[in-house]
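Here's the structure we're looking at; comments come further down.
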Amino acid sequence: AGHAPRTVRDAKTACEMLEQEPADLVIVDREPAGMDAAGVCRRLRKGVQLSEPWLLAITVPAKGRGADAALDAGADDYLHRPFTRGELLARARAGVRAAQQRADDMLVRALLVNVPGAIYRSAWHAGHTLELISDEIERISGYPPVEFVASAKRTLMSIVHPRDRKRVSRA
């Protein structure tokens, strides 16, 4: 399916490998002679420092307990045994998309914190209402960011001096 899988037999080796070469998706199963999938998820979340891979846990349908335990231990999704190749590939594709979105979100958050000035994202399809704005807007305007998001009352134009609004709109 175009993926480059790597396999290991235990959580310790998986942590070491992920530290050296991060992955977007990790399919987690029980260790052959050790931890169940939930234990492996817990170990990976505790041990992997460089990335936040999407964890897809392979579980057995034990009245939901296996899946619940895996999710509580840090899995992002699960797949019950038995499963088809198609189900596995569909969950893998969804996990890779989610991991990439997570990485994009982390990058945006880092920019929001480290770039001077206010950074915002507006929705052109919703009258340019703000979907996101950095915390720096409070230092600039005196208003907390939450007042700007999805607000018709508190907009960027509302903090522009009335004498300057026409000129700012033209620009």
> How much net charge surrounds T59 when only the other residues with a Cβ under 10 Å from the Cβ of T59 are counted, with Lys and Arg +1 and Asp and Glu -1?
Replying inline: 0
> What shape does the stretch 124-171 have by the C-alpha gyration tensor, where a ≥ b ≥ c are the square roots of the eigenvalues, rounded means a/c under 1.5, and otherwise prolate means a/b greater than b/c and oblate the rest?
Replying inline: oblate
> Can you give the Rg and Dmax of the stretch 48-105 based on its C-alpha atoms, in angstrom?
Replying inline: 12.2, 35
> If eta is 1.002 mPa s and T is 20 °C, what Stokes-Einstein diffusion coefficient results for the stretch 1-105, Kirkwood Rh from Cα pairs, in µm²/s?
Replying inline: 155 µm²/s
> Counting Lys and Arg as +1 and Asp and Glu as -1, what is the net charge of the other residues whose Cβ lies under 15 Å from the Cβ of G127?
Replying inline: +2
> By DSSP, what percent of the beta bridges with both residues in the chain are antiparallel, rounded to the nearest 5?
Replying inline: 30 percent
> Taking the Cα centre of the stretch 87-159 as the origin, how large is its charge dipole in debye, to the nearest 20, when only Lys and Arg (+1) and Asp and Glu (-1) carry charge on their Cβ atoms?
Replying inline: 200 debye
> If you place +1 on the Cβ of every Lys and Arg and -1 on the Cβ of every Asp and Glu, how big does the dipole about the Cα centre of the stretch 1-131 come out, in debye to the nearest 20?
Replying inline: 260 debye
> For the chain, what is the accessible area per residue in Å², given a 1.4 Å probe and the full set of protein chains?
Replying inline: 67 Å²
> Within the stretch 77-171, which trypsin sites (Lys or Arg not before Pro) sit in a loop by DSSP and count at most 16 neighbouring Cβ atoms inside 10 Å?
Replying inline: K153
> Which log10 I(q)/I(0) values, to two decimals, does the stretch 46-171 give at q = 0.09, 0.15 Å⁻¹ under the Debye formula with one point per Cα?
Replying inline: -0.47, -0.84
> Each residue of the stretch 4-18 in order: what ³J(HN,Hα) in whole Hz does its phi give by Karplus 6.51 cos²θ - 1.76 cosθ + 1.60, θ = phi - 60°, with x for Gly and Pro?
Replying inline: 10, x, 10, 10, 9, 9, 8, 5, 4, 5, 4, 4, 4, 5, 5
>> Run the paramagnetic zone check for A98: 7 angstrom along Cα to Cβ, then residues of the stretch 1-41 with backbone nitrogen under 14 Å.
In response: 24-28
>> 7 Å from Cα along Cα→Cβ at both D72 and V8: what's the point-to-point distance in nm?
In response: 2.6 nm
>> How charged is the neighbourhood of V108? Take every other residue with its Cβ under 15 Å from the Cβ of V108, and add Lys/Arg as +1 and Asp/Glu as -1.
In response: -3
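The values are calculated or read from the model by the stated rules, or taken from the named source; none is laboratory data. If you're wondering where the values come from, they're calculated on a predicted model, not measured in any experiment. So basically every Cβ, Gly included, is an ideal-geometry build from the backbone, and we count neighbours across all protein chains shown. Just the protein is used for accessible areas: all its heavy atoms, side chains included, with ligands, DNA and RNA removed. Shrake-Rupley method; radii C 1.70, N 1.55, O 1.52, S 1.80 Å.
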